[in-house]
């Protein structure tokens, strides 16, 4: 079987020993070469499980990222043949909710 390129979205939850820590979640988009969507999901899960960093921050608190799940796996939209290639798209019906999620993500990115 020939490999195809898939887009996998995986989720992590960040935790900390800091007493005032608020949970943080991270969504990561991966490109995965695989022979099927099942194979791509297996590879994405393997990546998530094997990439769960733990470290001490500047304040001395332990930060740990825990893999939660593979959220989605889809074939890439187009072959990668140029400098710009669409790899994934999402449809949604509520722009206000989308904007609020984006605002929350911007706040979390500022915390990183």
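Read-outs: derived from the displayed coordinates by stated rules, not from any lab. On a predicted model such as this, the values are computed, not experimentally measured, just so you know. Using ideal geometry, Cβ is built from the backbone for each residue, glycine included, and neighbour counts are taken over all protein chains shown.
Laid out as a table, the results:
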quantity: Selection count, region 13-72, where residues are more than 25 Å from residue 101 (Cβ to Cβ) and assigned to a strand (DSSP E or B); calculated: 6
quantity: Residue that is nearest to the chain's Cα centre (by Cα), among those in region 42-54 that are closer than 18 Å to residue 23 by Cα and surrounded by fewer than 11 Cβ atoms within 10 Å (Cβ to Cβ); calculated: 53
quantity: Which numbered condition residue 34 fails, given (1) touching a helix residue (DSSP H, G or I) at 6+ places or on another chain (Cβ under 7 Å); (2) under 12 Å from residue 72 (Cα atoms); calculated: (2)
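A quick yes/no check of all residues on (1) surrounded by 16 or more Cβ atoms within 10 Å (Cβ to Cβ); (2) closer than 16 Å to residue 6 by Cβ:
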residue: 36; (1), (2): no, yes
residue: 40; (1), (2): yes, yes
residue: 56; (1), (2): no, no
residue: 59; (1), (2): no, no
residue: 73; (1), (2): yes, yes
